[in-house]
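*Asks:* So that we are looking at the same thing, I have put the structure below in C-alpha cells.
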Amino acid sequence: GAGVSQSPSNKVTEKGKDVELRCDPISGHTALYWYRQSLGQGLEFLIYFQGNSAPDKSGLPSDRFSAERTGGSVSTLTIQRTQQEDSAVYLCASSYNRVHSGNTIYFGEGSWLTVV
Amino acid sequence: GENVEQHPSTLSVQEGDSAVIKCTYSDSASNYFPWYKQELGKRPQLIIDIRSNVGEKKDQRIAVTLNKTAKHFSLHITETQPEDSAVYFCAASKGGGSEKLVFGKGTKLTVNP
C-alpha cells in the first residue's frame, strides 16, 4: 500500500476487556515496530519485528501486552484485561530493512485507544 | 539503557526567525539520530536524519548538527513559516541488533505570523 495502515483508528473499550490492534506495513518492508504515545508525551518503544520474529520486545510494559506478525506482513498488538493507564495512541511503523542499514522508519496514523 | 533529553519543551518564534531545538543522549554507542515532525492528530513524519559519520546535514531550511563528543545534536530551522508549527521529536538509536528509536519528549513549536 501507499503507507502504513492501522485499524481501528479509534477504539473505546471497557476496563478488563481485551483489544486487538492491527498494522499493515508498507509492502515489502521487513521491519515493523510498535510504539505507544500517551497524551502530550513522546513515543515509547514497545516491540520490533524483523520478518516474523521479534528480536527486541523489551518495551512491552507487562505480560498483558503481546504482539505477533505473520507472513512477514500484518502485525497484531493484543492488550489483555485493559486498564485505564493503557489509554494512548498506539503507533505502528515499518522500514524496508534495518534502520542501521540506512533505511527510514515510516509511521502509521495510529490507533487511539480509550479505556473507560 | 539509552535516555534522550530534549529542550525546550515549548518554543514560540515570529515568522521569519530561526528556531533551534537541542537533544542530548546518554549512550555513546548511538549512531543514528532522526528528527520527526508531528502535526496535531497526525502521524510523525521524518524531516531529517543524521548518522554518526557526519557532523552536519542540511536540507533547504532545515539542518541538523551532531557533536558525538558531547553527545548532543540539534535541529535548526531557518526562515520559519506558520506551517512549521508542530511538535518536533528527536530520537537516537544504536543498532547492534536493537533497531529501536528512543525518543525525546518533544518540542511544541509555534510560529506566529
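The values are calculated or read from the model by the stated rules, or taken from the named source; none is laboratory data. Model, not experiment: these values are computed from the prediction. For neighbour counting, all protein chains shown are included, and Cβ atoms are generated from backbone atoms with ideal geometry for every residue, glycine included. To get the accessible areas, we keep the full protein, side chains included, count just its heavy atoms, and leave off ligands, DNA and RNA. Shrake-Rupley method; radii C 1.70, N 1.55, O 1.52, S 1.80 Å.
*Asks:* Quick one: which of B:Gly55, B:Gly16 is more than 14 Å from chain A (Cβ to nearest Cβ), without any contact (Cβ under 8 Å) to a residue 24 or more places away in the chain and open to solvent by 10 Å² or more (accessible area, probe 1.4 Å)? Step through it out loud before you land on a result.
*Replies:* Values: B:Gly16 fails: without any contact (Cβ under 8 Å) to a residue 24 or more places away in the chain.
B:Gly55 is the lone residue from the list that is more than 14 Å from chain A (Cβ to nearest Cβ), without any contact (Cβ under 8 Å) to a residue 24 or more places away in the chain and open to solvent by 10 Å² or more (accessible area, probe 1.4 Å).
*Asks:* I'd like the residue in segment B:66-80 that is in a strand (DSSP E or B) and open to solvent by less than 40 Å² (accessible area, probe 1.4 Å) and, out of all such residues, is nearest to A:Ser111 (Cα to Cα). Steps first, please.
*Replies:* Filtering segment B:66-80 for residues in a strand (DSSP E or B) gives B:66-67, B:72-77.
Those left that are additionally open to solvent by less than 40 Å² (accessible area, probe 1.4 Å): B:66, B:73-75, B:77.
Working: B:Leu66: 33, B:Phe73: 31, B:Ser74: 30, B:Leu75: 29, B:Ile77: 30 Å.
This residue is B:Leu75.
*Asks:* Let me ask another. Output the number of residues of segment B:81-113 satisfying the condition of being farther than 14 Å from B:Lys37 by Cα, within 14 Å of another protein chain (Cβ to nearest Cβ) and open to solvent by 10 Å² or more (accessible area, probe 1.4 Å).
*Replies:* Matching residues across segment B:81-113 total 6.
*Asks:* What pairs come out if I take residues in segment A:14-41 that are open to solvent by 50 Å² or more (accessible area, probe 1.4 Å) and pair them with residues that are part of a strand (DSSP E or B) whose C-beta lies under 6 Å away, six or more apart or interchain?
*Replies:* A:Lys15/A:Val115; A:Glu20/A:Thr76; A:Glu20/A:Thr78; A:Arg22/A:Ser7; A:Arg22/A:Thr76; A:Asp24/A:Ser5
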